[in-house]
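Below is one structure, written out as structure tokens; the observations come after it.
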Amino acid sequence: MRLRRCELSTPGSNERMIEKALGTNADLVFLDLEDSVAPNQKVEARAKVIEALRTLDWGKKTRAVRINSIESEYAYQDVIELVERAGQYLDIIIIPKVKSGRDVFWVDTLLTQIETRLRLERRIGLEVLIEEVQALINVEEITRSSPRLEAIIFGPGDFSASQGVRMNTIGGGISSYPGDIWHYARSKIVVAARAAGIDAVDGPYADFRNSEGYREEAMRSATMGFVGKWAIHPSQIDLANEIYSPTRDEVERARRLEAAYARAEAEGLGAVTFEGVMIDAASVRIIRNIIEKAKLIGM
């Protein structure tokens, strides 16, 4: 289990931004080889990412790289060179634009071959982006496609294009639509993820100057069960860490409730009144999510 309250996107072609990203409070930093890197910089960016993995101090951050789409000419070399030259320093590979379980299987198989040949002792994990309508249709299959898979991520930008949504800003609401236009997609993603025992992460919010807009979208997904959200700018990191973390009051109450129920259970009771509210086994299941998150954070 990893903390994924904030996954910070960083262009793999920009050494200065990479160094800056590693000094932030993001739980996970991923160096991007896909959308933020121009085609004529792909090979050079890959070399910079490998160097950053091998030489820079990542502290306790999860070390991740987003490779290029597996339908591109760059993906197979991304995987091979990253793992052969920096596999022992890499925690997660993020696969964009998956459409079905076989896309994940392809990367899994290639990884297994390289890890076996190199005798790597630690298995590299995977995260995948749900940003095509085909992927949403196949999301249950995708979440169970590999034992390496640790999280699925909703990518509203490409998903908007795939669905034909009329919008101007990636990741935000649309004034002409009554309510949350992403409710169905997010709901289906988080249910599939929870059923498979993996994390669901919300995608980027492009208008990084609009902190209230970011907060609103993060609150929506956090309420639904997402464990974190992408940040495309350092100003979004603290917001994500706050919103996807329980407060100290919530943690203390959850632990009191768990203890009260344990006492009731020891006395043969199936339900008990706690601080004026009736609690039972279902109540405990809910609050244990809070307790487990607090343990990960170190609260």
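Annotation: of all residues in the range 208-262 being surrounded by 21 or more Cβ atoms within 10 Å (Cβ to Cβ) and of a type in the set (D, E, K, R), the one that is farthest from His183 (Cα to Cα) is Lys229.
Report yes if some residue within the range 87-100 is aliphatic (A, V, I, L, M), in a helix (DSSP H, G or I), over 30 Å from Gln163 (Cβ atoms) and modelled with pLDDT of 95 or more; otherwise report no. Step through it out loud before you land on a result.
Taking the range 87-100 first, the residues aliphatic (A, V, I, L, M) are 90, 92-95, 98.
Of the ones still in play, those that are also in a helix (DSSP H, G or I) are none.
No: the range 87-100 contains no residue that is aliphatic (A, V, I, L, M), in a helix (DSSP H, G or I), over 30 Å from Gln163 (Cβ atoms) and modelled with pLDDT of 95 or more.
Among the residues making up the range 12-37, none is within 22 Å of Asp158 (Cα to Cα) and assigned to a helix (DSSP H, G or I).
Scanning the range 275-299 for residues being surrounded by 10 or more Cβ atoms within 10 Å (Cβ to Cβ) and under 13 Å from Ala264 (Cβ atoms) gives a total of 5.
The residues of the range 52-80 that are in a helix (DSSP H, G or I), surrounded by fewer than 21 Cβ atoms within 10 Å (Cβ to Cβ) and of a type outside the set (A, V, I, L, M, F, W, C), listed by number, are Arg54, Thr55, Tyr76, Gln77.
Just so you know, in the range 15-33 the residues that are without any contact (Cβ under 8 Å) to a residue 40 or more places away in the chain and touching a Lys or Arg at 6+ places or on another chain (Cβ under 8 Å) include one that is farthest from Ala222 (Cα to Cα), and it is Glu15.
Here the range 81-137 is the region considered, the condition is being over 20 Å from Arg63 (Cα atoms), of a type in the set (S, T, N, Q) and out of contact with any helix residue (DSSP H, G or I) (no Cβ under 7 Å at 6 or more places or on another chain), and the residue that is surrounded by the fewest Cβ atoms within 10 Å (Cβ to Cβ) is Thr116. The number of residues in the range 144-177 that are in contact (Cβ under 8 Å) with a residue 40 or more places away in the chain and farther than 21 Å from Pro204 by Cβ comes to 4.
The values are calculated or read from the model by the stated rules, or taken from the named source; none is laboratory data. Owing to the predicted nature of the structure, the values given are computational and were not obtained by experimental measurement. Here the Cβ is made from the backbone with ideal geometry for all residues, glycine too, and neighbour counts use every protein chain on show.
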